[in-house]
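Just so you know, all these numbers are worked out from the coordinates, no wet-lab data involved. On a predicted model such as this, the values are computed, not experimentally measured, just so you know. Because the Cβ atoms are built from the backbone with ideal geometry, glycine has one as well, and the counts that use them run over all protein chains shown.
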Amino acid sequence: MKDFVQENKLILLGKLTAGLVHEIRNPLSAIKLNLDYMKMAQDDLPSDIKEIVTDTLDAFEQVNFLIEDVLDFTRKPTEKSHQVSVSALTDKCLKIISTTARSKRVTIKKEFEEDLPLLNVNKNKLMQIFLNLINNAIEASEEKGNIIIRSSKRNLNNITYVIWETQDFGAGIKSEDKEKILSGFFTTKSNGHGIGLGVCKKLSEEIKAEMIFESEYGKGTTFSIQFALDDK
Ligand SMILES: Nc1ncnc2c1ncn2[C@@H]1O[C@H](COP(=O)(O)OP(=O)(O)O)[C@@H](O)[C@H]1O
Ligand SMILES: [Mg+2]
């Protein structure tokens, strides 16, 4: 019963977030209007105030992007495909998850090959996969741990793959648990739900990607998402 109560709370929170974000948008627009007005009048302002206005506008843009991303994420996914830059999408995820990482003082390093091809996938689904995997990596890490997110291009049997992976150096997965973790409702966390990876597996199939993982108990885990690119 306890689990259902907690799960219901999370579902509610998910629904409320979208509403909250909408509510935040209105006062934010008012702030933006005022700032724009001050910016227009900047020639009459002392230079230190001018600087404050510019900094505040920059800060506003950061909050605004975050809000648009969260709102975009909470929307019901369509089946639409988009041209997605894995690097830009990873940056969005890292922004959304930065508070969680910071509270555990986990450092996330991004190692991306240059000029990776764009993927033709549903952005929302891919974002949900990335957020789940990065979140799991953070939860598996010790305080002040490190996580590496890599992406590269590989050629196998004349098919080009874009590989995206998160590597953590944390808890690892016991051999006997490896076949259970994707099946859903399996969790080793006291506050876990065991839903994330099942969802990742399902979404990966929907976007025609494959999810695989390697893990050594006590050493760490790597989850990889592999996309086969359409022949052109
Ligand atoms: N990066 C990881 N390192 C170690 N174990 C992991 C990692 N990712 C997932 N797991 C294991 O898989 C289980 C299921 O993960 P998930 O489906 O996301 O649910 P939850 O995170 O709520 O437990 C986790 O409880 C954990 O035991
Ligand atoms: Mg999880």
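Data for the structure
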| item | result |
| --- | --- |
| Contact order relative to length of the range 2-74, as percent, for alpha carbon pairs under 8 angstrom and 6 or more apart | 49 |
| For q = 0.29 Å⁻¹, Debye-computed log10 I/I(0) when each Cα of the range 123-171 counts as one equal scatterer | -1.02 |
| Computed lengthening from ASP230 to LYS9, 0.36 nm per intervening residue step minus Cα-Cα distance | 75.5 nm |
| Mean projection area, nm², convex hull over Cα of the range 2-74 | 6.0 |
| Sequence-separation-based contact order of the chain, relative, with Cα cut under 8 Å and 6+ spacing, percent | 16 |
| Span from the the range 64-118 Cα centroid across to the the range 1-51 one, whole angstrom | 19 |
| DSSP-loop GluC sites (Glu not before Pro) across the range 102-202, with at most 15 other Cβ within 10 angstrom | GLU113, GLU114, GLU142, GLU143, GLU179 |
| Across LYS39/LYS104; LYS32/LYS201; LYS76/LYS219; LYS110/LYS219, pairs whose alpha-carbon gap is larger than 31 Å | LYS39/LYS104; LYS32/LYS201; LYS76/LYS219 |
| Cα principal axis extents for the range 82-228, largest first, Å | 41, 30, 25 |
| Rounded, prolate or oblate (a/c below 1.5 giving rounded, otherwise prolate when a/b exceeds b/c) for the range 186-232 by Cα gyration tensor | oblate |
| Label-to-label distance, nm, for residues given as ASN34 and LYS144 (7 Å Cα→Cβ offset) | 4.2 |
| Relative contact order, percent, the range 115-232 [alpha-carbon distance under 8 Å, six or more residues apart] | 29 |
| FRET efficiency estimate (nearest 0.05) - Cβ-Cβ, ALA88 to ALA41, R0 30 angstrom | 0.30 |
| Residues of the range 36-53 with amide N under 18 Å of the 7 Å Cα→Cβ point at GLN62 | 51-53 |
| Computed E for ARG25/GLU79 - FRET, C-beta separation, R0 45 angstrom, nearest 0.05 | 0.95 |
